[in-house]
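Any read-out appearing in this document is the output of simple, stated calculations on the displayed coordinates, not a laboratory observation. All values reported here derive from a predicted model rather than from experimental measurement. Note that each Cβ is placed from the backbone with ideal geometry, even for glycine, and that neighbours are counted across all protein chains shown.
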Amino acid sequence: MLTACGEANDLLDNANAASVSLSEPASLALSCTGCHSDTPGAIVSLTAYSDDMLQDALERYRSEVDGTTVMHRLARGYTDAEIAAISAFLGQTEVDG
């Protein structure tokens, strides 16, 4: 998984940013990694969530019209297809534990 403090920074540091080509799901998921990573002290890591769990959560955030958190605001900006792509990219088929 790409994380703001890990692989994503390494990817951008090790290549000319103009020549880096990420898939659309990877590009969309980068917005999540600014807060959600495996780095201690970060907001909850998303590695324990399945793609279905992530999709359900994002859809709930988007549909809660009175929600005022950053997650509500971000989720409202995504289409159904983008939420599905982000969830599939970040999610796991099976959740460990």
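Observations on the model:
- Ranked by how many other beta carbons lie within 10 Å on average, peptides 68-77, 43-52 from highest: 43-52, 68-77
- Taking amide H atoms as placed 1.01 Å from N in the peptide plane, the amide H of Ser50 lies under 5 Å from those of Gln92, each 5 or more residues away in sequence or on another chain.
- Backbone geometry of segment 76-83 corresponds, through the Karplus equation with coefficients 6.51, -1.76 and 1.60 at θ = phi - 60°, to 3J(HN,Hα) couplings of 5, x, 9, 7, 4, 5, 5, 4 Hz, x marking Gly and Pro.
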